[in-house]
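We did not get these values from a lab; they are worked out from the coordinates using the rules stated. Note that the structure is a prediction, hence the values are computed from the model and not measured. Cβ: placed from backbone, ideal geometry, glycine included. Neighbour counts: every protein chain shown.
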Amino acid sequence: MAQFTERVFSGVQPTGNLHLGNYLGAIKRFVEMQARYDCIYCVVDMHAITVWQDPKELASQTREVTAAFLAAGIDPRRHIVFNQSQVSEHAELAWVFNCVARLGWLNRMTQFKEKAGKDRENASVGLYAYPNLMAADILVYRATHVPVGEDQKQHLELTRDIAQKFNNDWSESIAAHGHGDAFFPLTEPLIGGPATRVMSLRDGTRKMSKSDPSDYSRINLTDPPDAIAQKFKKAKTDPEPLPSEEAGLAGRPEADNLVGIFAALKDVTKANVLREYGGAQFSTFKSALIDLAVTKLGPIGTEMRRLAADPGHIDAILADGAERARAIARPTLEAVKDIVGFVRSR
Ligand code: TYM
């Protein structure tokens, strides 16, 4: 049997407007994973250019996502923080995976359909092959666990399919090169907690997203306290008071979303929140939510602004992280080349 040490990998795109969904669904959980796993956190700039990015903004957004990681509490010395384009092994492995994944698998990806919209003929080939690069990100480190929000679930299923097909197609060569019966692990998605899918503050049936034209639909990590307060005050609700039990949230997407946000920020369950606020009017609940959000998010925004003033410091962290990431990725890629039958210099 092949042996895999437990390792976490996850990525965030530097496409602007990091928001509360990114924080609660991903970054806050990245921080928590550090106590239990060796973690590798990546700013996926190569994924970002699958849709057009202004070069100056891409660079500053890459630094901003890095600043968010650090401000939230990721330790770049004990773990690894870097940007994807500095470790070319991601792109090299992605090419092999382009030859493993089937068109039929990619045709089922809902995120491509959403992002390409009606004008599919005009979408970049990179946007279509996006999930293969994502599989390469994860598997070049042979990562066993990937914390993400609910929207990435289908991509992680594809990552498992790619790992499985690679292991099957090259099983003899994998064994002949001394890697046992499986070269890549079947990665476990870690999708959990009360905020795996944070919804828009204007419409509880739509996901909170970087690209929503209304800034009132999301809390940005860089929003100052008065903006956080304004946005929650204006957040859509319904006329009923809060229920006392979770079952009472069914059919009330806005109430469900705000209770989920509160629970995730406070590290409790939705049931706990409703035990305290069941029967309360939204005005009361929203003031408590605003206090909580400002207490938890305020310091992150302040630290992000402080870090933004020193891009040289951020760039040094990314360069150091890239070097340490490469040291793990390179042997994986060399083994893949041997398994596939590429001749390489030694
Ligand atoms: P991205 O940049 O869109 O989002 C980063 C992370 O935030 C989560 N997220 C949410 N969670 C809860 N509620 C929301 N409304 C919400 N919106 C976003 C996402 O699920 C994600 O965890 N394809 C990935 C980036 C990526 C990646 C990877 C992730 C590239 N390679 C390898 C894991 C492993 C993406 O576009 O995330």
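Pairs over the 24 Å Cα-Cα cut-off, from the set Lys236/Lys270; Lys210/Lys234; Lys210/Lys233; Lys153/Lys337; Lys115/Lys207: Lys153/Lys337. In this Cβ point-charge picture (+1 for Lys and Arg, -1 for Asp and Glu), the range 84-223 has a dipole of about 480 debye about its Cα centre. Put in line by how crowded their Cβ is, counting other Cβ atoms within 10 Å and starting with the fewest, Thr295, Thr66 read Thr295, Thr66. As a calculated quantity, the FRET efficiency between Thr205 and Lys165 at R0 = 51 Å, using C-beta atoms, amounts to about 0.90.
Using R0 = 45 Å, the C-beta based FRET efficiency linking Thr284 and Ala35 works out to 0.80. Taking a straight Cα-Cα cut-off under 16 Å and skipping sequence neighbours fewer than 8 places away in the same chain, no lysines fall within cross-link reach of Lys118. Which residue, chosen from Phe112, Pro311, Tyr130, occupies the Cα position most advanced towards the positive end of the dipole of the chain, where the dipole is computed from +1 (Lys, Arg) and -1 (Asp, Glu) charges on Cβ about the Cα centre? Farthest along the dipole direction, towards plus: Phe112. Lys231: which aspartates and glutamates have alpha carbons under 16 Å from its alpha carbon, excluding same-chain residues fewer than 8 sequence positions away? Counting by Cα, and skipping residues close in sequence, Lys231 has these aspartates and glutamates nearby: Asp203, Asp212, Asp215, Asp223, Glu254, Asp291.
Loop-located trypsin sites (Lys or Arg not before Pro) across the range 76-150 with a Cβ neighbour count of 15 or fewer within 10 Å are Arg77, Arg78, Arg102, Arg108, Lys118, with loop assigned by DSSP. Once the C-beta distance of Ala175 and Cys99 is scaled by a Förster radius of 25 Å, the resulting FRET efficiency is 0.75 to the nearest 0.05.
For the chain, the Kirkwood radius over C-alpha pairs fed into Stokes-Einstein at 4 °C and 1.567 mPa s yields D = 61 µm² per second. Projecting the Cα atoms of Pro241, Val294, Leu274 onto the dipole axis of the range 215-306, where Lys and Arg carry +1 and Asp and Glu carry -1 at the beta carbon, places Val294 farthest toward the positive end.
Return the loop-located chymotrypsin sites (Phe, Trp or Tyr not before Pro) in the range 142-224 (DSSP other than H, G, I, E, B) with at most 15 other Cβ atoms within 10 Å of their own Cβ; answer none if there are none. Display every interim value, and only then the final one.
Numbers: sites: Phe166, Trp170, Phe183, Tyr216; in loops: Trp170, Phe183.
Hits after loop and neighbour filter: nothing returned.
From a point 7 Å beyond the Cα of Arg120 in the direction of its Cβ, which residues of the range 89-107 have a backbone N at a distance under 17 Å? From the range 89-107, the list is 102-107.
Residues within the reach of a label modelled at Ala308 (point 7 angstrom out along Cα to beta-carbon, backbone nitrogen below 17 Å), restricted to the range 1-44, are 14-20, 23. If both residues of a DSSP beta bridge must be in the chain, then about 10% of such bridges are antiparallel. Dipole magnitude for the range 215-306: computed about the Cα centre from +1 point charges on Lys and Arg Cβ and -1 point charges on Asp and Glu Cβ, it is near 280 debye.
Helix check for the chain. Which DSSP H runs span at least 18 Å along their own axis by Cα, with a mean Kyte-Doolittle hydropathy no less than -1.0? Span-like helices here: 55-72, 125-139, 253-266, 282-308, 311-340. Legend: P(r) of the range 215-306 from all alpha carbon pair distances, 10 Å bins from 0, whole percents, reading 17, 50, 27, 6, 0.
Estimated purely from DSSP H runs of n ≥ 4, each contributing -39500 (n - 2.57), the mean residue ellipticity at 222 nm for the chain is -16000 deg cm²/dmol once divided by its residues. Across the range 215-306, the mean sequence separation of Cα contacts (distance under 8 Å, 6 or more residues apart), normalised by length, yields a relative contact order of 38 percent.
Against the empirical 2.2 N^0.38 Å scaling, what ratio does the C-alpha Rg of the range 49-132 come to?
This ratio for the range 49-132 stands at 1.34.
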